[in-house]
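Working notes, beginning with the structure itself.
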Amino acid sequence: MVRKLLVSAALATGLMMSPAAKAEVSFKPLDKDPEEIVFGIISTESTSNLKSQWLPLMADMEEALGKKVKAFFAPDYAGVIEAMRFGKVHVAWYGNKSGMEAVDRSGGEVFVQTSKKDGSQGYYSHIITNVKNTNINSLDDILNCDKSLNFGIGDPNSTSGFLVPSYYVFAQNNVDPKKCFKTVRNANHETNLMATANNQVDVAANNSEQIGRSKLKAPAAAEKVKVIWTSPLIPSDPMVYRKDLSKEMKSKIKAFFLGYGRLGDVAGARKVLDGISDGLGLFMESNNTQLYPIRQLALFKDKIKLEKNQDIKAADKAGKIEAIDKKLAELAILVSHK
């Protein structure tokens, strides 16, 4: 066990940051615990929808901590990541890709993850189209790349809306979306689903959580879309706090999440959880290791992009690919020691 921990720690030191993150200015350290906790929410839907889902949980968190908890919303995922980086956000709900960016660039640390009501800890990325579009029923129907289709992809920091389809749908099929489709536009999950339902885009990236929520909150729109591709299981969303909060503050925050729906007003908490996304279950213990599969995906995608790049000298390309292969091998060891 000790050897496993030492191996993991040694390898993780060189892997927890992407090259882009290493080039960034380091995060701004906190002088002390904040007087009020600012809770960041990534923009998967409209702010009004997200407020109705998350503000009740924040009110309960405020009562449990005895400290003001303020919501922070941004028009894109990067806004929450950057706000955490500069100490303006202290706790946040992320997807795995944006969580990875927060850990690498913003002094973040994963402490719990979400689950579903049945206890499962994962969800799926989807490619969707309008149910009346009989010409599109599989990936083959959209990857002929005749530039006749309008495609809606997710926020660049979205796991299910961007990273997963970028790798599994496009990179593995040697397709550049910008060269394949008539237009490619970035939007959140809710916007992409509604755009597909209303024939404003022909195809879009989405996920099982948004489709499930739309079936509950916007059933007429949900009935107008069909799924033509489903990804492998994606780990449930991480909750991330600033790692330089005091141990006492981190312990209180973590205790709140792990106790929520388990202790105290169980029925009230579970009702709140049921209203978030497509219905959340209890929060589960987690840490930064849940990001390893996402790091592997990001590295694979970088490798494929490098291999296709004709503008890099062969020797330089070989060196960069070798460096990625080394990181992937190290990650494989980390995953095997989880």
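The values are calculated or read from the model by the stated rules, or taken from the named source; none is laboratory data. Because the structure is predicted, anything quoted here is derived from the model rather than measured. Cβ coordinates were reconstructed from backbone atoms using ideal geometry, including for glycine residues, and neighbour counts include every protein chain displayed.
Looking at segment 35-48, which of its residues are surrounded by 15 or more Cβ atoms within 10 Å (Cβ to Cβ) and under 15 Å from Ala92 (Cα atoms)?
Pass one, segment 35-48, residues surrounded by 15 or more Cβ atoms within 10 Å (Cβ to Cβ): 37-45.
Within segment 35-48, Ile37, Val38, Phe39, Gly40, Ile41, Ile42, Ser43, Thr44 qualify.
Among the listed residues Lys51, Lys88, Lys70, which satisfies the condition of being more than 25 Å from Lys247 (Cα to Cα), at pLDDT 95 or above and either among the charged types (D, E, K, R) or surrounded by 20 or more Cβ atoms within 10 Å (Cβ to Cβ) (or both)?
Lys51
Among (1) closer than 19 Å to Leu233 by Cα; (2) in a helix (DSSP H, G or I), there is one condition Leu193 misses while meeting the rest; what is its number?
Status for Leu193: all satisfied but (1).
I need the full set of residues from segment 196-232 which are part of a helix (DSSP H, G or I) and among the small types (Gly, Ala, Ser), in order please.
Within segment 196-232, the subset part of a helix (DSSP H, G or I) is 196-197, 208-217, 219-222.
Selection gives Ala197, Ser208, Gly212, Ser214, Ala220, Ala221, Ala222.
Please determine whether any residue of segment 180-194 is touching a Gly at 6+ places or on another chain (Cβ under 6 Å) and either among the small types (Gly, Ala, Ser) or over 30 Å from Met84 (Cβ atoms) (or both).
Yes - at least one qualifying residue is present in segment 180-194.
Within segment 141-185, how many residues turn out to be small (Gly, Ala, Ser) and in a helix (DSSP H, G or I)? Even if it seems obvious, please write down each step before you answer.
Just the residues of segment 141-185 that are small (Gly, Ala, Ser), to begin with: 148, 152, 154, 158, 160-161, 166, 171.
So of that shortlist, the ones also in a helix (DSSP H, G or I) come out as 160-161, 166, 171.
Summing the residues that are small (Gly, Ala, Ser) and in a helix (DSSP H, G or I) in segment 141-185 gives 4.
Looking only at residues in segment 233-248 that are of a type in the set (Ser, Thr, Tyr) and not in a strand (DSSP E or B), which one is farthest from Ser166 (Cα to Cα)? Walk me through how you get there before you give the answer.
Initially, segment 233-248 is screened for residues of a type in the set (Ser, Thr, Tyr), giving 236, 241, 246.
Filter once more, so that each one left must be not in a strand (DSSP E or B): 236, 246.
Numbers: Ser236: 19, Ser246: 38 Å.
Applying the filter and picking the extreme gives Ser246.
Taking Lys305 as the residue in question, decide whether it is outside the structural domain of Met100 (by TED's automatic domain parsing) and in contact (Cβ under 8 Å) with a residue 24 or more places away in the chain. Full working, then the answer.
Numbers: outside the structural domain of Met100 (by TED's automatic domain parsing): yes; in contact (Cβ under 8 Å) with a residue 24 or more places away in the chain: yes.
So Lys305 passes the test.
Please indicate, with yes or no, whether at least one residue in segment 267-285 is surrounded by fewer than 19 Cβ atoms within 10 Å (Cβ to Cβ), in a strand (DSSP E or B), of a type outside the set (Val, Ile, Thr) and touching a residue at least 40 places away in the same chain (Cβ under 8 Å). Working first, answer last.
Of all residues in segment 267-285, those surrounded by fewer than 19 Cβ atoms within 10 Å (Cβ to Cβ) come to 267-268, 270-271, 274-276, 279, 281, 284-285.
If we keep only those that are in a strand (DSSP E or B) as well, we get 284-285.
Remaining after also requiring of a type outside the set (Val, Ile, Thr): 284-285.
Narrowing further to those that are touching a residue at least 40 places away in the same chain (Cβ under 8 Å): 284-285.
Yes, because at least one residue in segment 267-285 is surrounded by fewer than 19 Cβ atoms within 10 Å (Cβ to Cβ), in a strand (DSSP E or B), of a type outside the set (Val, Ile, Thr) and touching a residue at least 40 places away in the same chain (Cβ under 8 Å).
Kindly list the number of the only condition in (1) surrounded by fewer than 20 Cβ atoms within 10 Å (Cβ to Cβ); (2) more than 22 Å from the chain's Cα centre (by Cα); (3) among the hydrophobic types (A, V, I, L, M, F, W, C) that fails for Val184.
The failed condition is (2).
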